[in-house]
Structure formats: structure tokens, C-alpha cells
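Data first, discussion second: the structure below is written as C-alpha cells.
The values are calculated or read from the model by the stated rules, or taken from the named source; none is laboratory data. Predicted model, so just to flag it, every value in this text is computed and none were measured. Using ideal geometry, Cβ is built from the backbone for each residue, glycine included, and neighbour counts are taken over all protein chains shown. Please note that ligands, DNA and RNA were not included when accessible areas were found on the heavy atoms of the full protein model with its side chains. Shrake-Rupley method; radii C 1.70, N 1.55, O 1.52, S 1.80 Å.
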Amino acid sequence: MSYKHPAFDTLGLAAAPDCRFEPAPADFVLPDGFLCTTNFPTYVKVGGRWRMPEHPRMGSHVGWSPAADRLEVREMRLVRKGDLVPIGEAEDGIPIGSVIVHRGRIIGRGHNRRVQRGSAILHAEMDALESAGRQPASVYREAVLYTTLSPCAMCSGAILLYGIPKVVIGENQTFTGEEALLRSRGVEVEVLQEAACVELMRSFIAKHPILWNEDIGVT
């Protein structure tokens, strides 16, 4: 099956701003909030156009070469001072993302937009479900949901409601959601413990403890 690019106009992303880039402050050091890649296609908006770097892989970053007009997925150990790196926190929200994949095709993608939308429910998984739109039950029952962080009770409830059979989690060290509940209901749960995801969340929580506690319902 050939890969199809998302329809950015129908996903509400046509009017999204261009990505912000920051230079790497030193060799082997990425700027705060850098965009960490996964094994699935990653898109960055540059010059008013959504672009996909080739050969995406987990735990790497995207580099931008203006002279070559090219985006490249690079290993973090190869970063050099001055390299331009896309920043993933440009919206000043909570840096958690999610995608829903059906038969190898991304049908929904989202990120935590509670801050941006003033929403009580737009966690990344909920945003991904919203972006997928109305789907027959047969699609959800063949889908896989990928998420940066262990799903909370709300998002786990939605996963169970729609019968999604598998969830892949970037990390659960900074927050462990309802993984036991999901497993008890027959959902396959895979936790990758990606170091880049752990560091991203630890850094965010340390900088924004009040916002983080609000997001997970802690007083």
C-alpha cells in the first residue's frame, strides 16, 4: 500500500503558521523544545508549505538546511552548533502529541491544545480522535493509537469506547495513566520508554508545574 499524505486543508492545518527554528547552542546540544521525531512521517511547515523529511525514525530530530532548501532527519549525536532545528513548542501549549493509524495510514493526528483552545478536554489523544472525524467502528477496531505519554483516565475511556485494540506509548516515567485498565479490557499496551520523550516531559514539568498539575487534575 502506497503512503498518502494527509489532507492538511481538511485537518484544519492550512492556516497554521510556519514552524519556528532555533540554532543549536553547542555541538551535541539541541535547543529547548526541539521537535523529536517518531518512526512515522513527520511534517514541518516551511515557507507556507507542509514538508515531510525523508526516512523518519524514533528519537531523532529534524534539521533544516536553508541553502539546500531541505529538511533532514538526523541523529541527535550529529547535531552541531548553529544547526537550525524546528521547535515543537511554538504554540506554548503542553508538548504531547498523538496519531491514529489504520492499515498503515494516519487517519488522525493531534496534540494537547487545552491551553491554545481554552479547552477542558483537548488532550493529544482526544485531539487526534477529533481530527480523524467520524469513522465506522470497524476502522477503530483495526487502528493503533500512538501517544507521547501514558493516557489519562479520560483518554483511556475514549480508547475503550471506540474499541481501539493497541496503544503505543512514548514514555510513562513522568506520568502513568490508566494502562492497567486498558490491559484489563484487552487492549495491547506497548511502552517504549524513549529517552527523548522522558527528557522533553521532565523539562516541561519543571518549567510549568502549575500548568502541568492543571492538565492532569492535581490541586
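Yes or no, residue by residue, for (1) touching a strand residue (DSSP E or B) at 6+ places or on another chain (Cβ under 9 Å); (2) in contact (Cβ under 8 Å) with a residue 24 or more places away in the chain; (3) outside any loop (DSSP other than H, G, I, E, B):
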residue	(1), (2), (3)
Ala120	no, no, no
Met126	yes, yes, yes
Gln135	yes, yes, no
Leu145	yes, yes, yes
Pro151	yes, yes, no
Cys155	yes, yes, yes
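Within the range 14-54, the residues that satisfy the criterion of being part of a strand (DSSP E or B) and either touching a residue at least 60 places away in the same chain (Cβ under 8 Å) or open to solvent by less than 30 Å² (accessible area, probe 1.4 Å) (or both) are Phe21, Glu22, Pro23, Cys36, Val44, Lys45, Val46. Scanning the range 182-197 for residues that are assigned to a helix (DSSP H, G or I) and open to solvent by 70 Å² or more (accessible area, probe 1.4 Å) yields Arg183, Ser184, Ala195.
Taking the range 55-75 as the range and being open to solvent by 50 Å² or more (accessible area, probe 1.4 Å) and either closer than 20 Å to Ser98 by Cα or of a type in the set (A, V, I, L, M, F, W, C) (or both) as the test, the residues that pass are His55, Arg57, Met58, Ala67, Ala68. Looking for something within 17 Å of the chain's Cα centre (by Cα) and under 22 Å from Ala7 (Cα atoms) - is there at least one such residue anywhere in the range 147-163? Yes, some residue in the range 147-163 is within 17 Å of the chain's Cα centre (by Cα) and under 22 Å from Ala7 (Cα atoms). Here Ile169, Ile159 are screened, and the one residue that is open to solvent by less than 10 Å² (accessible area, probe 1.4 Å) and either out of contact with any strand residue (DSSP E or B) (no Cβ under 9 Å at 6 or more places or on another chain) or over 20 Å from Ile94 (Cα atoms) (or both) is Ile159. Kindly list the number of the only condition in (1) more than 21 Å from Val198 (Cα to Cα); (2) modelled with pLDDT of 95 or more; (3) among the acidic types (Asp, Glu) that fails for Glu130. Looking at each condition in turn, Glu130 falls short on (2). Of the residues contained in the range 86-97, one or more are found to be buried (at least 17 other Cβ atoms within 10 Å of the Cβ), modelled with pLDDT of 85 or more and out of contact with any strand residue (DSSP E or B) (no Cβ under 7 Å at 6 or more places or on another chain).
When Cys152 is tested against (1) over 21 Å from Val44 (Cα atoms); (2) open to solvent by less than 20 Å² (accessible area, probe 1.4 Å); (3) not charged (D, E, K, R), just one condition goes unmet, and that condition is (2).
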